[in-house]
1. Mind giving me the FRET efficiency for Ser85 and Asp272? R0 is 45 Å, r the Cβ-Cβ distance, nearest 0.05 is fine.
2. Treat every Asp and Glu Cβ in the range 268-396 as -1 and every Lys and Arg Cβ as +1, leave all other atoms uncharged, and give the resulting dipole magnitude about the Cα centre to the nearest 20 debye.
3. Using +1 at the C-beta of Lys and Arg and -1 at the C-beta of Asp and Glu, which of Val317, Leu265, Ala284 has the Cα lying farthest in the positive direction of the dipole of the range 260-354?
4. Quick one: which residues, 5+ away or cross-chain, put their amide H under 5 Å from the amide H of Ile6? H built at 1.01 Å from N.
5. Between Glu49 and Thr372, what length comes free when the chain is fully extended (0.36 nm per residue of separation minus the Cα-Cα distance, one decimal in nm)?
6. What is the Cα coordinate range of the range 190-395 on the first, second and third principal axes, sorted by size from largest, in whole angstrom?
7. Say R0 is 51 Å: what FRET efficiency, to the nearest 0.05, do Arg363 and Ser29 get from their beta-carbon distance?
8. Nearest 0.05, what FRET efficiency do Asp243 and Ala340 give at R0 = 35 Å with Cβ-Cβ as r?
Amino acid sequence: MATQVIMPALGMAQDTGRLVGWLRAEGSSVAQGDPLMEIETDKSRVEVEAPASGVVAGVRVHPDEEVAVGTVLAWILAPGETVPSTESTPPTPTAPGSTARSAEPSPPLAVGGTAAPGASQRPLASPLARRLAAERGLELAGRAGTGPGGAVVAADVTAPGPVTAGSGGEPGPLARQMAEHTTRVWTTTPHFYLSRDVRARRLRDWREAVRRRSGLPVTYTDLLLRVAGKALAGHREMLGYWDGGGLRHHPAVHVGLAVSTPRGLLVVVVRDVPSLDLPQLVAAREAVVARAQAGRLRAADVEGAVLTISNLGMHGVDRFGAVLPEEQSAILAVGRVRDAVVPVDGRAAVEPILSLTLSCDHRVLDGVQAATFLGTLCESLEEPALLLDAMAAGRR
């Protein structure tokens, strides 16, 4: 059966994507996993791999067109296959904010953004914008839209007030996307928080020893990734997430990392963390962060995270709570390593302390499950030998 090439969703409630260009021309052969096309979202430009081997055929979307997530862009045909006739009509480019996942179709657009003949005369708006407006009891009629042709998109509904162009305060696409995401998650997900202070002397010694002996530019974030990956592998309940009214599970332990980029805050993904040794993990983290900074992420760089680590310690923050990403049941907020007075053998002593706060989705996790995971994490940070022993036992 012919394989569809679709506009993928790359997380953060992406509704549309723009095709930058095809990396394989129509009629050319492609192997599964080969770079096939480049798309652009509010996050970044992303190379998308071919979902199957065969011949590229039936191209329906061309460079610079923006279409809804889930739109069929082309087909990959095996020998003897043909493009299905039912898919011969090209899709209509959609306004940013519209979504193929909504049951309500986007209003048709003609050149210049006016309604096509026979279209409804209701205000031009994306399905997501209509749903958000209905939830808030807002009227779309007369509301200025920032989408093509003046279409009202989700960001126009969730914006706190009018912002005039050139005022210096207009948010960029990624900021709008982040605003929509945090509003949606915060208002629909029951958060709860657990915090613990970790005695970080051995963690600090571990980092310094690795740097001194190997020259590896390891960071506290790398060590947190290492420990979190191992802890997640031992707490499979942490791999669950709430989706569409039901519980689903991630098949592998990929760990997200919140990264500040020139375009805004992104969550990138270090994949298969438990299988990586420390040099491999450092290299993987450096590579994905570099791609994020350059705006050249791949699809795998933003998909499938089980848990995200958000580290603000380098900015002098002691402790904070983070809002959950979508399709994750927990996010770990990390403060700075700081000196504090703590009891040691009945005496006051100054020790380095690291504060961790775990934000959790109460639909997926209860307090005991989350506390048990956080306890495993903290024990491994306070005594890295426990982690090394467990990894050695796992290899036997």
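Bear in mind that the values in this text are calculations on the coordinates, not laboratory data. A quick note: this is a predicted structure, and the numbers were derived from the prediction, not measured. Cβ coordinates were reconstructed from backbone atoms using ideal geometry, including for glycine residues, and neighbour counts include every protein chain displayed.
1. Working from the Cβ atoms, E equals 0.65.
2. 360
3. Positive-end residue among those listed: Leu265.
4. For Ile6, the qualifying residues are Leu73.
5. 112.4 nm
6. 53, 38, 38
7. For Arg363 and Ser29, the calculated efficiency is 0.65.
8. Efficiency computed from Cβ-Cβ geometry: 0.30.
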